[in-house]
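The structure appears below as structure tokens.
No value in this document is a laboratory result; all are computed from the given coordinates. Everything numeric in this text was worked out from a predicted model, so none of it was measured. With ideal geometry, Cβ positions are generated from the backbone for all residues, glycine too; neighbour counts draw on all protein chains shown.
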Amino acid sequence: MKSFHDLAELTTEEITELLALANRLDKHPEPEALRGKVLSLLFLSPSLRTLTSFQAAMTRLGGGSFVVSPEMSIHGLETRPGIVMDGAAAEHIREAVPVIASYGDAIGIRAFAQRSDLEHDVADQEFAELVDLVDKPWINMESAMQHPCQNLADWKTLDDYDVPANGGKFVLSWAYHPKALPLAVPSSTLYTAARRGMDVTVLRPEGFELPESVMQKASAAAEAAGGSVKESDDRVEAMEGAHIIYAKSWSSTKHYGDKIKDKEARDELVDWCVDEPWFDNARQDCRFMHCLPVRRGVVVAENILDGPRSIVIHEARNRMLAQMAVLHRMMGAS
Ligand code: CP
């Protein structure tokens, strides 16, 4: 495996094999599998789970890792192309990335969307330019539109909880958050549930529709896998018979890049906080998923997070197992 970027680039057989390997490594640890191997981790955006789960994954497989982020005592990093560097930044990403990559056997990179131009972010061009600087196997640790490590962990979580693939009902719901957040998790989560063959409803208020290309990609995946994709702003209809509600906030696509209009729109939507009444006509055992971090009492009520519906901790632990499988495939002897 030379890269791990988008589940759409993997065959169903490859996804199934990665999930089986994640389960195997959980039950039968291989502490020598990546002995002597080094993973470079470049975080241009913040993280808790991705950072620590990759470090834990490498350690559990017998390898090592190092982390670079702008918050550390590194030189100021310039990312703009074609710039005369006579300002504060002393180092350009065009040298920093290949240098960091050269110290490892593979590299993970995280770089969130800029969130000023929707078309630009949907094209995920900046991430493509970053990995163009790398001549080693690489992992997308979240770009403008993709979060494949989260997606693989979520797929495993659905399997672990015996949520049916065909016939399983998955609601991806927008939720209130005071800030405009990226589209990577909702877009790639929608694709993942659709690719798994589930019947997916994107529950979102007007103005927060996911981009057309994202919906089309998911619809095509669902059709091929025996599932379906639809959109709704009707909570009661969307939650009917749901097995899973996956909550996430994201930027207004209608007012993308316009902080004031986005805030005006979202400030009307503070009641989009997942709480028990949302589950009234869902399945009795409907579960709550979220990629974390999550704001308690804002995105979801505390009683849901602390109650039996929530599987967010299991989901987060699966990040480590899913990534162990990816690293094993990418850097292991086989
Ligand atoms: N879910 C996720 O990627 O978490 P972090 O942002 O903490 O890495």
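Descriptive notes on the structure:
- Phi-derived couplings, Karplus 6.51 cos²θ - 1.76 cosθ + 1.60 at θ = phi - 60°, listed residue by residue for segment 127-144: 5, 4, 5, 5, 6, 5, 7, 10, 10, 10, x, 9, 10, 7, 9, 2, 10, 4 Hz, with x used for Gly and Pro.
- Segment 130-263, relative contact order in percent, only Cα pairs under 8 angstrom and at least six apart counted: 30 percent
- Projected over all directions and averaged, the alpha-carbon convex hull of segment 34-149 occupies 7.6 nm².
- Residue order, fewest to most beta carbons within 10 Å, for ASP267, ASP199: ASP267, ASP199
- Close amide H contacts of SER310 (hydrogens built in the peptide plane, cut-off under 5 Å, sequence separation of 5 or more or a different chain): PHE288.
- Whole-number percent relative contact order across the chain, with pairs defined as alpha carbons under 8 Å at least 6 apart: 20 percent
- Given their separation in residues at 0.36 nm each and the Cα-Cα distance between them, ILE313 and ALA220 gain 30.4 nm when the chain is fully extended.
- Kyte-Doolittle mean at least 0.0, axial Cα span of 27 Å or more - DSSP H helices of the chain: 312-331
- Mean Cβ neighbour count within 10 Å, used as a protection proxy, ranking 65-74, 318-327 highest first: 318-327, 65-74
- Karplus-derived 3J(HN,Hα), 6.51/-1.76/1.60, for each residue of segment 293-308, Hz, glycine and proline x: x, 10, 8, 5, x, 10, 7, 8, 5, 4, 5, 6, 4, 8, x, x
- Here the contact order of segment 202-272, divided by its residue count and restricted to Cα pairs under 8 Å and six or more residues apart, works out to 39 percent.
- Pairs of lysines in the chain whose Cα atoms sit within less than 14 Å of one another amount to 9, provided the residues are eight or more positions apart or on different chains.
- Potential lengthening between THR59 and LYS230 on full extension [0.36 nm per residue; Cα-Cα distance subtracted]: 57.4 nm
- Förster radius 25 Å - calculated FRET efficiency between GLU302 and ASP159, Cβ distance, rounded to 0.05: 0.35
- Extent along principal axes [Cα atoms of the chain; Å; largest to smallest]: 54, 50, 36
- Taking the number of Cβ atoms within 10 Å of each Cβ as an exposure proxy, the fewest-first ranking of VAL294, VAL236, VAL185 is VAL236, VAL294, VAL185.
- Relative exposure of TYR246, TYR161, judged by other C-beta atoms within 10 Å (fewest first): TYR161, TYR246
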